[in-house]
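For reference, the structure discussed in these notes is given below.
The values are calculated or read from the model by the stated rules, or taken from the named source; none is laboratory data. What you see is a predicted model, and the numbers here were worked out from it, not measured in a lab. As a convention, Cβ positions derive from the backbone with ideal geometry for all residues, glycine included, and neighbour counts pool all protein chains shown. Quick note on the areas: whole protein, heavy atoms, side chains included, nothing else; ligands and nucleic acids left out. Shrake-Rupley method; radii C 1.70, N 1.55, O 1.52, S 1.80 Å.
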Amino acid sequence: MPNCSNIVENTVSNIHSTMNLIKAIRFCILLYVLGYSVGRDNSSSNFYQVKRYLHTLLLQNYSKDIHPVLDHKKPVTISVVVFLKAIINYDEIGGTLSMSLGLELSWTDELLKWNPASYHNISALRIPSSKVWTPRLFSPNAFDTFSIDTDNSRSVVYLYNGTSKYTVGVRSSTLCSPNSRYFPFDTQKCLIEIVTLATYYEEIFVANHVNEHVFEENPIWKLESIKLFVDNDEKMYTSVLRIIIKIQRRHSFFILNIFAPIIFLAIVNLFVFMLPVESGERVSYAITVLLSFTVFLSLLTDYIPKSSLTISLFSIYMFTVLAYSSLITLSVVIISDIHFTVEGLSPKSVLSRMVVGIMRSPKTKIRNAVIEVTATDIHIDNEEKQTNHSDTDYKTISCTLDKVFINVYAILFVLITIFFMTFIGVGPQAEQN
C-alpha cells in the first residue's frame with residue numbers, strides 16, 4: 001500500500017512542474033509578442049506584433065451586427081461631412097440629377113477602446129469595414145441609382161477612445177423637378193435624402209459641414225450653394241440627412257448661339273422695308289427671315305424641358321418674335337399689293353383695301369375742301385383728275401407705309417425684348433429674395 005506522504009509530495013511536484021510550464025509558455029508568448037525573434041529588426045517587429053495582437057484582441061468577442069453602444073437605449077450619433085465631387089448630369093426632360101459625392105461618417109464605438117500605453121503607444125488602428133459595425137445607408141428619393149462604394153478593401157479608422165471614421169463614395173441619381181421659367185438664367189433646386197435602415201431612432205445623424213475642395217466644375221451647370229440639415233421622419237422613426245443643392249445654368253452658350261442671332265435676325269428683318277418694291281425680292285426676303293426664326297425655335301425646343309407645368313419665358317419670347325416676323329411678312333405682301341395695283345382699280349385683298357381706305361380718308365377730306373373753294377376758278381377735267389390721283393395715291397401710300405411700318409416694328413421689337421429680358425434676368429433673383 002503506497003505511502004500517503006509520497007503521494008502528496010509527487011502531486012505537489014507535478015503541480016509546480018505544470019505551473020512552471022505555464023510560466024514558460026507565457027514567457028515565450030511575451031517574447032514572441034515583443035519581437036525578440038532572431039533575424040528581425042527589433043523596433044519594427046515589436047510594433048507590428050503588438051498591433052497585430054491588439055487587432056486580434058479587439059475583435060475577439062466583437063460582433064458587427066450589434067450596435068456599438070453599451071447601453072441599448074442610447075442611439076449611435078453619426079456625424080456627417082459631405083465631400084462634393086462632381087455634377088455628372090442634370091436631365092431636364094426626365095427631371096433627374098446625377099451626382100458623385102463622398103460621405104465621411106464619424107461615430108463612437110464603445111466596444112472598441114484600448115489604452116495606448118499598454119500597446120506600444122498605438123493610438124489609431126485600421127480595421128476592414130467587413131469586420132466591424134458600419135451604418136447602412138439608403139436614399140428614399142433616389143430615381144434609379146444610389147450606389148455606395150463599400151467594398152471590402154475600405155477600412156474604418158479607429159482611435160483609442162473609440163472614435164471611428166469611415167469614408168465612402170456615393171453615386172446618386174435623384175428626382176429633381178425642373179423649373180425652366182427663366183431659361184437660360186434658371187436655377188434648379190434639388191434635394192438628396194439619406195436615411196439609415198435602423199428604426200426607432202437607433203442611429204441619429206448630425207450634420208457637420210460640406211467640403212468643396214475636391215469639386216470638379218460642370219461645363220453646363222454651376223454650383224451655387226449646398227446645405228445640410230437633419231430632420232426626423234415620424235413615419236419611419238428614423239433620422240434623415242437632407243442635402244439641398246442649388247445649381248445655376250451657364251448661359252454664355254445660349255446668349256452667343258441663340259439669343260444674339262435672334263436679335264440680329266430681327267434687325268435684319270426690318271431692312272425689308274428699305275428694298276425697292278419694284279425689285280420683287282421683298283416677299284422672298286421676308287419669308288427667308290421667317291424661316292430662320294422657325295429654325296431657331298426648333299433648336300430651342302431641344303434645350304428647354306418639354307413640360308407644361310412651367311413654361312419658359314424665353315419660349316414665349318421666341319413665339320412673340322416669330323409672330324413679329326410673320327406680321328412683317330404680311331405687311332410686305334400688303335404693301336406690294338397696294339404698290340402694284342393698276343390705275344383706276346382697287347387692291348386685290350380685303351386687307352389692302354382697308355389699309356388704302358384708312359390712308360386715303362384724311363387726304364380725301366382735305367382735297368374736297370380745296371376743290372370746293374376753287375371750283376369756280378379752276379376747270380380740270382374730272383376723269384383725268386381721278387386718274388392722276390389714283391396713280392399718285394397708290395405709290396404714295398406704299399412709300400408712306402414703308403416708313404410707318406419700319407418705325408412701328410422697330411419700337412415694338414425693342415419693347416418686347418426689354419420686357420422679356422427684364423423678367424428673365426431679374427426673375428430668379430427676385431424669387432431668391
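Each residue in the range 298-324 was checked for being free of Cβ contacts under 8 Å to residues at least 60 places away in the same chain and under 21 Å from Met274 (Cα atoms), and 2 pass. Would it be correct to say that Tyr201 is part of a strand (DSSP E or B), over 30 Å from Ser315 (Cα atoms) and of a type in the set (Phe, Trp, Tyr)? Answer is no for this residue. Confirm whether Val82 is buried (at least 17 other Cβ atoms within 10 Å of the Cβ), of a type in the set (Val, Ile, Thr) and part of a loop (DSSP other than H, G, I, E, B). No: the conditions fail for Val82.
Residues that are β-branched (Val, Ile, Thr), open to solvent by 50 Å² or more (accessible area, probe 1.4 Å) and touching a helix residue (DSSP H, G or I) at 6+ places or on another chain (Cβ under 8 Å) within the range 268-289 comprise Val268, Val283, Ile287, listed in sequence order. Any residue at all in the range 177-193 that is more than 13 Å from the chain's Cα centre (by Cα) and outside any loop (DSSP other than H, G, I, E, B)? Yes; the residues of the range 177-193 include at least one that is more than 13 Å from the chain's Cα centre (by Cα) and outside any loop (DSSP other than H, G, I, E, B). Assessment of the range 131-141 against the conditions (β-branched (Val, Ile, Thr), in contact (Cβ under 8 Å) with a residue 24 or more places away in the chain, assigned to a strand (DSSP E or B) and in contact with a Phe, Trp or Tyr (Cβ under 6 Å, 6 or more places away or on another chain)) yields no matching residue. Residue pairs whose Cβ atoms lie under 7 Å apart, sitting 6 or more positions apart in sequence or on different chains, and linking a residue in the range 247-259 that is more than 21 Å from Met99 (Cβ to Cβ) to a partner that is at pLDDT below 90 and surrounded by 14 or more Cβ atoms within 10 Å (Cβ to Cβ), are His251/Pro184; His251/Phe185; Phe254/Pro184; Ile258/Phe296; Ile258/Leu300. Picking from residues in the range 205-216 that are hydrophobic (A, V, I, L, M, F, W, C) and open to solvent by 60 Å² or more (accessible area, probe 1.4 Å), the one that is farthest from Ile88 (Cα to Cα) is Val206. Given the conditions (1) open to solvent by less than 40 Å² (accessible area, probe 1.4 Å); (2) under 29 Å from the mean Cα position of the chain (by Cα), and given that Leu256 satisfies all but one, which numbered condition is not satisfied? Among (1) open to solvent by less than 40 Å² (accessible area, probe 1.4 Å); (2) under 29 Å from the mean Cα position of the chain (by Cα), the lone unmet condition for Leu256 is (1).
Within the range 97-132, the set of residues being surrounded by fewer than 18 Cβ atoms within 10 Å (Cβ to Cβ), among the charged types (D, E, K, R) and within 30 Å of Phe146 (Cβ to Cβ) comprises Glu104, Glu110, Arg126, Lys131. I'm trying to understand the selection: among the residues of the range 217-237, which are assigned to a strand (DSSP E or B) and either surrounded by fewer than 17 Cβ atoms within 10 Å (Cβ to Cβ) or aliphatic (A, V, I, L, M) (or both)? Answer for the range 217-237, where residues must be assigned to a strand (DSSP E or B) and either surrounded by fewer than 17 Cβ atoms within 10 Å (Cβ to Cβ) or aliphatic (A, V, I, L, M) (or both): Lys222, Leu223, Glu224, Ser225, Ile226, Lys227, Leu228, Phe229, Val230, Asp231, Asn232, Asp233.
Among the residues of the range 290-311, are any more than 32 Å from the chain's Cα centre (by Cα), open to solvent by 50 Å² or more (accessible area, probe 1.4 Å) and modelled with pLDDT of 90 or more? Within the range 290-311 (the criterion being more than 32 Å from the chain's Cα centre (by Cα), open to solvent by 50 Å² or more (accessible area, probe 1.4 Å) and modelled with pLDDT of 90 or more), the answer is yes, since at least one residue qualifies.
Every listed requirement among (1) under 28 Å from the mean Cα position of the chain (by Cα); (2) farther than 18 Å from Ser129 by Cα is met by Thr196 save one, (2). Of the residues making up the range 171-190, not a single one is more than 30 Å from Ile304 (Cβ to Cβ) and surrounded by 16 or more Cβ atoms within 10 Å (Cβ to Cβ).
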